[in-house]
Amino acid sequence: MPKKANNWHFARPKLAKTYLDLFEVGLTSARGLFARRRMGKTEFLKQDFIPAAEARGYVAVYVNLWDLELDPATALVSEFYKAVEPKGFDRVWAHFKRPIKKVKASGKVPGIGEGTVEAELADDNRLSGTLLMEAVRAFDKTKIKMILVIDEAQVLAYDDNAHFAHALRAALDIRKDRIKVIFAGSSEPTLRRMFGVSSEPFYNWAPLEPFELLGRDFVEAMVERVNTISKYELSVVDALHAFSQLKNTPEFFRRYVEHYVSNPLDGSAAALAATKTRVFSDEGFKQQWDALLAADKVILAMLAGGVTDLHSKAALSRLGSELGIGDAVNKNTIQNALRRLSDKNIVTKIDYGLYQFEDEALADWVRHRDA
Ligand SMILES: Nc1ncnc2c1ncn2[C@@H]1O[C@H](COP(=O)(O)OP(=O)(O)O)[C@@H](O)[C@H]1O
Ligand SMILES: [Mg+2]
């Protein structure tokens, strides 16, 4: 294991061991874990869990479905395939000679380009389907024990990915003895639906549990590190206070620590105040908001205001009038706005036609932005 990788990383070997042991007992071959964003899921999976799995002889495959370079299905199978047989993957991939699809962020007029989107979806389905077949065929020729880590796995529950999710479930079903799966995600309601609704491909497939959050041990370890490099001692009491003020969020706490270390004379209270302003200020939200298309803003404003049926006539006519284009809007306009917003991880679909904000703080900001 590379030791110097990240000396601020708080290692969690026990938690990694717990997961691995559970797999090895053989009662489960998959687990689902959830926690809000910025709580340390990805860092744990990549820096603790995967190295521990590899040390036990597993081939570990990690994929984050929020990675937008490829569609999620293609990204997942590509990683799987590469881990099993890189040469085979290169051959098949070259055969497709597939231009990497750029995420389209342009377009002044909302509602254009539905045709292209449909065509891309069909292509994506064909590609990921073929890749999946080839990848499991290659896998079956090996004796590999695999751990597949699917980060932000709630993406598999989106409608666009239903086709692939069914194919993946089928492929994993008959290989449970050799492929263990961790599904991690930030959206508890979506994951609940994914594993708890009988019409969903992964119904009953994995027990879902909260990800063990970082707490006092983490804070103490960070304080110790600060005090080995800083002449100005940080007290555990101050650090714990900061952690709780920052809503027990490791990411924000790390920013506080950074601020403390680079401005040691200012002290803990100043570091906390600076971090809070940066983290909870309007600035980030305002920037995010300004970068959105007009149609997307209207949709978000409706969602923040409690409109649940975004496909209703009332929603359509409000969109038309706010954009000043009257009847020129249709369901595709809404659909495309929602797709863009999901691609940016701003909203998540929780059920047919039902969406929610990923970040409650942003919803709050949108609600009060005029005040
Ligand atoms: N074990 C850890 N040790 C040190 N810092 C951590 C740890 N886990 C999380 N962090 C901090 O929190 C940030 C967010 O963590 P991340 O794993 O990306 O969260 P999530 O995947 O839950 O959204 C990291 O970039 C890091 O700054
Ligand atoms: Mg993450």
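The values are calculated or read from the model by the stated rules, or taken from the named source; none is laboratory data. Note that this is a predicted model, so its numbers are computed, not measured. Every residue, glycine as well, gets a Cβ built from its backbone with ideal geometry; the counts of neighbours run over all protein chains shown. Each accessible area value is taken on the protein alone, full model and side chains, heavy atoms only, with ligands, DNA and RNA left out. Shrake-Rupley method; radii C 1.70, N 1.55, O 1.52, S 1.80 Å.
For the reader, a short list of remarks on this structure follows.
- Where a residue in region 28-50 is closer than 16 Å to V63 by Cβ and its partner, wherever it lies, is within 8 Å of ligand 2 (Cβ to nearest atom), with Cβ under 6 Å and at least six apart: L33/A184; K41/A184; T42/D151
- Members of region 21-55 that are within 14 Å of ligand 2 (Cβ to nearest atom), open to solvent by 30 Å² or more (accessible area, probe 1.4 Å) and at pLDDT 95 or above: T42, E43, K46, Q47
- With respect to (1) touching a strand residue (DSSP E or B) at 6+ places or on another chain (Cβ under 6 Å); (2) open to solvent by less than 10 Å² (accessible area, probe 1.4 Å); (3) more than 16 Å from ligand 2 (Cβ to nearest atom); (4) not acidic (D, E), the lone exception for A73 is condition (1).
- The residues listed here are N336, N345; of these, the one that is within 23 Å of the chain's Cα centre (by Cα) and open to solvent by less than 20 Å² (accessible area, probe 1.4 Å) is N336.
- All conditions in (1) more than 19 Å from L76 (Cα to Cα); (2) surrounded by fewer than 20 Cβ atoms within 10 Å (Cβ to Cβ); (3) within 16 Å of ligand 2 (Cβ to nearest atom) hold for R12, with the sole exception of (2).
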